[in-house]
Amino acid sequence: MSMGLLFPAALAALLALVVPLVIHIARKSEQRPTDFAALRWLRQKPKPRSRLRFDEWPLLLARMALLALAALWLAQPILFGAADRSPYVAVVPGAQFNAATFGDSRLHWIAPGFPAIDAPRPAGPLPIASLIRQIDAELPTGTPLTIITPTVIDGADADRLRLSRKVTWRITGGAMAASEAKIASPPPLSVRTDADHRGRLRYLRAAALAWQPAGREADIDTAAIDAPLPDRRRILVWFAGGTLPDDVLRWVNEGGTVLTASDARLPDGRPALPVWRDDIGATLAEALPMGKGRLLHFTRAMIPTQMPILLDADFPVQLRALLAPTAPPARVASAEYAPLTGERSYDQPPQSLRPWLALLIALSLLAERWMATRRSRSIAP
């Protein structure tokens, strides 16, 4: 462990130590004159001799200590390397374990805030993968880490775990509480089209109808390109050629999603990424992030001769995945999700010593007040 100062220039306040020293030196001692009858017969008055003398030196020391502690508090002292390095055991809620077998190790649930193991078991869907990464980042380098998990983890993400340390990965019985699968509702469509592209609406209508349960109408509305733009919670399909109008670009930047025809001109200087390919790898659609929204662009005309996938049975499924992507699976077998090593370690934040200095300052102030009160009572007439 080592100490440091965040604001060492504040130590200049130590110059204030001369203030109580000067006051004690310059202060005249409280004296009571006493007349002696024999002194008046002396022809020469004795010359008083003075010497440097510190009266009430405990009070002086208390005041100087108070000022020194205040100056050190302003300098913000910190302590490096004071973090707890005892073994850390993280338990995925639902895993079976025996706390007595881990001795002096620290046991915590893998949940927001990392509650102690004697707290109630956390419930609900948990981002297990991101919480494990947080534990690894917050633990000091070299601290042993053990993770106890059931056979299946619910809360993984698309990236394989990679930590800065070698982890003891223990797979036990038990199971996590199954989270309810949320099925996204079909994306509502608002089409703005000109006369040249109106014939392509039947493919969109057929896809939107396939998204709905049997007997329910498709959630799609159509209008001319000069009609008002829809609410940004709907997906705008812009079937018109040429440059996109400024109000459409502004609508996308503010959080909307728009799908444009192949002959629509994208904003210059912004490369788009392929997001939909056919069976032979040819790009069917590309995406361009814009502000808070997303611009999707067909690379081919929406006619069967240029886009044969329009006639496939899974066209509605693929179009829905383009317009409203689903989240990747969060369940994974624990044996296949054991963490890898190689991630960089993070410097641990130092521990502030200000709370301890504040306590010492309070004690010094009480001691100084007690001695000052006692002194004033002793010299009172």
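Label LEU359 and ALA9 with points 7 Å out from Cα along Cα→Cβ: what is the distance between them in nm?
For LEU359 paired with ALA9, the spin-label model returns 3.2 nm.
Which percentage, to the nearest 5, of the DSSP beta bridges contained in region 189-323 is antiparallel? Working shown, then result.
Numbers: 10 of 30 bridges.
Among the beta bridges of region 189-323, antiparallel pairing accounts for roughly 35 percent.
Largest first, please: the extent of the C-alpha atoms of region 271-330 along each principal axis, to the nearest Å.
Its Cα atoms span 34, 31, 17 Å along the three principal axes.
Once the whole set of protein chains is in place, how much accessible area is left on GLU368, using a 1.4 Å probe, in Å² to the nearest 10?
10 Å²
Per residue of the chain, what 222 nm ellipticity follows from adding -39500 (n - 2.57) for every DSSP H run with n ≥ 4, rounded to the nearest 500? Show your work: numbers first, answer last.
Details: 7 runs with 91 residues, N = 381.
Per the formula, -7500 deg cm²/dmol.
In terms of solvent-accessible area of protein heavy atoms at a 1.4 angstrom probe, what is the ranking of PHE298, PHE97, PHE102, highest value first?
On the way: PHE298 0, PHE97 70, PHE102 30 Å².
Largest accessible area first, the residues go PHE97, PHE102, PHE298.
Just ALA208, ALA129, ALA338 to compare: in a GNM of the chain, with alpha carbon springs under 10 Å, which one fluctuates most?
ALA208
Please report the antiparallel percentage of DSSP beta bridges with both residues in the chain, rounded to the nearest 5. Before the final figure, lay out the partial values.
Working: 21 of 56 bridges.
Given both bridge residues lie in the chain, the antiparallel proportion sits at roughly 40 percent.
Once the whole set of protein chains is in place, how much accessible area is left on THR243, using a 1.4 Å probe, in Å² to the nearest 10?
Accessible surface of THR243 is approximately 90 Å².
So how much slack lies between ILE280 and ILE225, counting 0.36 nm per residue of separation and subtracting their Cα-Cα distance, in nm?
On the way: separation 55, 0.36 × 55 = 19.80 nm, distance 3.40 nm.
Computed gain between ILE280 and ILE225 is 16.4 nm.
Per residue, what volume in Å³ does the convex hull of the Cα atoms of the chain enclose?
Hull volume normalised by residue count: 315 Å³.
Quick check: convex hull over the Cα atoms of region 62-167, volume per residue in Å³, rounded to an integer? Provide the component values of the computation, followed by the final result.
Details: hull volume 18.4 nm³, N = 106.
Dividing the Cα hull volume of region 62-167 by its residues yields 173 Å³.
Heavy atoms only, 1.4 Å probe, whole protein assembly: order VAL18, VAL152 by accessible area, highest first. Present the calculation step by step, with values, prior to reporting the outcome.
Values: VAL18 85, VAL152 55 Å².
My answer, sorted largest first, is VAL18, VAL152.
Top to bottom by accessible area (1.4 Å), largest first, where do ILE280, ILE132, ILE225 land? List each step's numbers first, then the result.
On the way: ILE280 150, ILE132 0, ILE225 70 Å².
Ranking ILE280, ILE132, ILE225 by accessible area, largest first, yields ILE280, ILE225, ILE132.
Given H placed on each backbone N at 1.01 Å, which residues far from ILE225 in sequence or on other chains put an amide H within less than 5 Å of it?
Long-range HN contacts for ILE225: THR193.
At what distance in nm do the modelled label points of ASP268 and ASP194 sit from each other, each positioned 7 Å from its Cα along Cα→Cβ?
Taking the two extended label points, one gets 2.0 nm.
For region 189-323, report the accessible area per residue in Å² (1.4 Å probe, heavy atoms, rounded to an integer).
Working: 6980 Å² over 135 residues.
Solvent-accessible surface per residue comes out at 52 Å².
Kirkwood Rh over alpha-carbon pairs of region 189-323, then Stokes-Einstein at 25 °C and 0.890 mPa s: what D in µm² s⁻¹, rounded to an integer? The partial results should precede the final answer.
Working: Rh = 15.2 Å.
Once the numbers are plugged in, D ends up at 161 µm²/s.
Any chance you could look up the accessible area of THR172 with a 1.4 Å probe, heavy atoms only, rounded to 10 Å²?
30 Å²
Under the √(5λ) rule applied to the eigenvalues of the Cα gyration tensor, what semi-axes describe the equivalent ellipsoid of region 237-381? Give them in Å, descending. Write out the running numbers ahead of the final one.
Details: eigenvalues 963, 124, 33 Å².
That gives 69, 25, 13 Å for the three semi-axes.
Could you calculate the FRET efficiency of LEU79 with ASP246 from 1/(1 + (r/R0)^6), where r is the beta carbon distance between them and R0 is 51 Å, rounded to 0.05?
For LEU79 and ASP246, the calculated efficiency is 0.30.
Given Cα pairs under 8 Å that are at least 6 residues apart, what percent is the relative contact order of the chain?
19 percent
Need one number: nm distance between label points at ARG165 and GLU254, each 7 Å from Cα along Cα→Cβ, rounded to one decimal.
5.0 nm
If you average the sequence gap of Cα pairs under 8 Å that are 6 or more apart and divide by the length of region 189-323, what percent do you get for the contact order? Show your work: numbers first, answer last.
On the way: 231 pairs, mean separation 29.6, N = 135.
The normalised contact order for region 189-323 reaches 22 percent.
At a 1.4 Å probe, what is the % contribution of carbon and sulfur to the accessible area of region 62-133? Please report the intermediate quantities before stating the final value.
Working: 2160 of 3420 Å².
Taking all protein chains in place, region 62-133 shows 63 percent carbon and sulfur surface.
The values are calculated or read from the model by the stated rules, or taken from the named source; none is laboratory data. Quick caveat, the model's predicted, so the values are computed rather than measured. No Cβ is skipped: glycine too gets one built from the backbone with ideal geometry, and neighbour counts run over all protein chains shown. Only protein heavy atoms, including side chains, enter the accessible area calculation; ligands, DNA and RNA are left aside. Shrake-Rupley method; radii C 1.70, N 1.55, O 1.52, S 1.80 Å.
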